[in-house]
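Below is one structure, written out as structure tokens; comments come after it.
Values quoted throughout were computed directly from the atomic coordinates according to the rules given, and no laboratory measurement underlies them. Since we're looking at a predicted model, the values are computed, not measured. Here Cβ is always computed from backbone atoms with ideal geometry, including for glycine, and neighbour counts include all displayed protein chains.
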Amino acid sequence: MLVQGLAWIDERSFHILKLETWLLASRSDIGLESENTTVNYSSILPMGMKDVLWLPHEVTVQVHYHNVFIRNTHRYSGFKLFQSHAVIAP
């Protein structure tokens, strides 16, 4: 599938603020007329970290499939930090 997109990037920090992608050509062979995705990012400071992470807080997907329009919005919150340690032994 051919897709293209745009990225909004903070000019000072170079953090990605937003991404948008869309289908360049419909796929009539599978009934997919269009697809658009928007991802909005925000700064998150998980407990136990000193540095901020830029993570998605909202993702919206819009699809035109077999003459039906579908829109899903996903919202993310309550991020938690998990750590693991591994040792490779001979």
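Give me Rg/Rg_expected for the chain, where Rg uses Cα atoms only and Rg_expected = 2.2 N^0.38 Å with N residues. Walk me through the intermediate numbers first.
Working: Rg = 18.2 Å, N = 90, 2.2 N^0.38 = 12.2 Å.
That works out to 1.50 for the chain.
Hey, got the dipole for the stretch 3-75? About the Cα centre, +1 on K and R Cβ, -1 on D and E Cβ, debye to the nearest 20?
On the way: 6 positive and 8 negative charges, 40 e Å.
In total the dipole reaches around 200 debye.
Give the residue list of trypsin sites (Lys or Arg not before Pro) in the chain that are DSSP loop and have at most 13 other beta-carbon atoms within 10 angstrom. The partial results should precede the final answer.
Details: sites: Arg12, Lys18, Arg27, Lys50, Arg71, Arg75, Lys80; in loops: Arg12, Lys50, Lys80.
Filter output for the chain: Arg12, Lys50, Lys80.
Between exposed chymotrypsin sites (Phe, Trp or Tyr not before Pro) in the chain, where DSSP calls loop and at most 15 other Cβ atoms lie within 10 Å, what's the longest gap? Numbers along the way, then the final one.
Details: sites that count: Phe14, Tyr76, Phe79, Phe82.
It works out to 15-75.
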